[in-house]
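Chemist: Structure in structure tokens, see below.
The values are calculated or read from the model by the stated rules, or taken from the named source; none is laboratory data. Because the structure is predicted, anything quoted here is derived from the model rather than measured. Positions of Cβ are generated from backbone atoms using ideal geometry, with glycine treated the same way; all protein chains shown enter the neighbour counts. Heavy atoms of the whole protein, side chains included, go into the accessibility calculation; ligands, DNA and RNA do not. Shrake-Rupley method; radii C 1.70, N 1.55, O 1.52, S 1.80 Å.
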Amino acid sequence: MCSLRDFPELRDCSLTDKTASMPFVIKRIKPEEIGYPNIVVQLKGDQNPEPLFLPTSGLTTLQQILSKFAEENFWSACDELTKYFKRNPSNLSVLMYPLGLFMKFSPRASLKGPENLVLTDISRTKLWSSSVVRCMSWHPQITKLAIVSSYDIVHVYNQKGTEAKVKSKSQRAILSLAWRPLSIGTLAVGCEKGIFIWTVEFNNLSVRPTVNNVCKFIKDDHRYITGLSWNKMGDLLISSAVTSKTMYIWNYPLETCVPLRRITSDTLNFVHWSPDNTKVFSCSTNETFRIWSTDKWTSDKWSLNNRSRVQCACWSPCSLILLFATDSCSIINAIDFRKSDVFNGSRNYKKVAWPIIDIKSECINDKVIGGTLSDMCWDQNAQRLAITFKNSGSLVVFQTAISEAVVDCIPFCIIQGRLDEEPSTIAFKPTYKQGSLLTIGWSNGNIEYVPFEYTFKSKHDPEMFRTTWFSGDNNKSMSGRASMSTTTNSLIEYLLN
């Protein structure tokens, strides 16, 4: 099993230090060097979506309640009435108790605690409540990047740097994003109220909610959408919510849905469709997770033995390996479906998850790195695995290869930001022909690209032949065959200008 202890100790050195013990040093590059736009998400006063809409402060209480009833539903109007009684306890306070009992029968799901605390704890985005960047998603086929700011505005960029903004007053507490495959600009946004599916065009600077460009999938028992995943054909969207025990499969063209639920299940955290469409991974907010077969939509339940929950998970591009990590253990585990009897008809088979990486906190080059994971993502070639941590400002990248022994891993590089930034969210671009392109959303709003160039033989034969690095000095490069059994591995310190 690989661990952070495999990183060698490095002494501090500058880019011009030719006597440095490191065989290679990489420098922060400019986006223009690889042909991508320079993106900085800034929180300006004019970006707040509230001023775009008419204020409701001038309306009477009766008008606000009637507005909620007309625009949403009966239970929203009751919720508004309850808020009024809490603000004015002296007015008809005798009605508070029976109204509170009546609201317990409401189908509207709610969080079990303060919103900021619950969502920050459950989200895979580090520092969700305070980070400028909250979510990020690449389009699976074309160069479009969607980024969510803490003002709940979705910024969409193309390769030329043109920006479109998606904003709506009802679209708040955004927790998930998912581009629809085989479409030019259909984007699903998961938020407190439900799912908003937008058609993003770049002929308008700001995309406003109209009949033509937004479709809403809303259910009272399905709020705070933490998981969104399309199938590869783009006709089915599966969603999970932290307030609901039910997953919904939405047929986007028909605008219909089918619920998926098990009696013993708890509220759900997130969901991932496998790249080959044959399986779906879903995890709950307790110690259980399920692997679904999309053939007959049967599920296989797995339980963790340390009273923890799954914090993050990702599929291999071939859908044969599933990696996951929990919120209480700093170990990445792998389920190998080539060796497992899942969906093979066996009832009492032994469920095995192979530990492949130990990420306990280690002091590397006078910096504490590792600990409990916040998120991880695997690139489209199964060659790079990027990891962020809850209590560390560094990001670690491992070089991986799928083998007969599940997954071979070696430490690859450590990425360290400036003093005022931490990696909030990460994503690999699904289409990067030169190798892998890691995109990092920093907590201060900076979006950064880290390209890893190599020659990849085949998606089903993950063998590394050549590796090339971007550096501040174009004359510096490192080429050669990278063996997964190499005992001496180099650490690349991500230096700042």
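Chemist: Compute the accessible area per residue over region 118-303, keeping the other protein chains in place, probe 1.4 Å, unit Å².
Modeler: 37
Chemist: Find out how many positive minus negative residues lie around C257, taking Lys and Arg as positive, Asp and Glu as negative, among other residues whose Cβ is under 14 Å from that of C257.
Modeler: -1
Chemist: Pop out the ³J(HN,Hα) list for region 422-434 in order, Karplus 6.51 cos²θ - 1.76 cosθ + 1.60 with θ = phi - 60°, rounded to Hz; leave Gly and Pro as x.
Modeler: 9, x, 7, 8, 9, 6, 9, 6, x, 10, 9, 5, 6
Chemist: Counting only residues 5 or more places away or on other chains, whose amide H sits under 5 Å from the amide H of N446 once H atoms are built in the peptide plane?
Modeler: For N446, the qualifying residues are V41.
Chemist: Rolling a 1.4 angstrom probe over the protein chains, ignoring ligands and nucleic acids, what is the accessible area of D276 in square angstrom, nearest 10?
Modeler: Surface accessible to solvent at D276 totals approximately 60 Å².
Chemist: Within region 118-303, what percent of beta bridges assigned by DSSP are antiparallel, to the nearest 5?
Modeler: 95
Chemist: Cross-link list K296/K351; K126/K245; K160/K429; K339/K367; K126/K360: which exceed 27 angstrom alpha carbon to alpha carbon?
Modeler: K339/K367
Chemist: Using modelled backbone amide H atoms (1.01 Å from N, in-plane), which distant-in-sequence or interchain residues come within less than 5 Å of C135's amide H?
Modeler: V148
Chemist: Note the full-extension length gain between S303 and S129 as 0.36 nm times their separation in residues minus their Cα-Cα distance, in nm to one decimal.
Modeler: Gain in length upon complete extension: 59.7 nm.
Chemist: Let me ask something else. Taking the Cα centre of region 221-327 as origin, sum charge times position over the Cβ atoms of Lys and Arg (+1) and Asp and Glu (-1), and report the length of that vector in debye to the nearest 20.
Modeler: Roughly 240 debye for region 221-327.
Chemist: Here's a follow-up. Distance in nm between label sites at R172 and T278, each 7 Å beyond Cα in the beta-carbon direction?
Modeler: Each label point is offset 7 Å from its Cα along the Cβ direction, giving 4.5 nm.
Chemist: Taking every Cα atom in region 118-303, find the radius of gyration and the maximum pairwise distance Dmax, and write them in Å.
Modeler: Every Cα atom of region 118-303 included, Rg and Dmax give 15.9, 49 Å.
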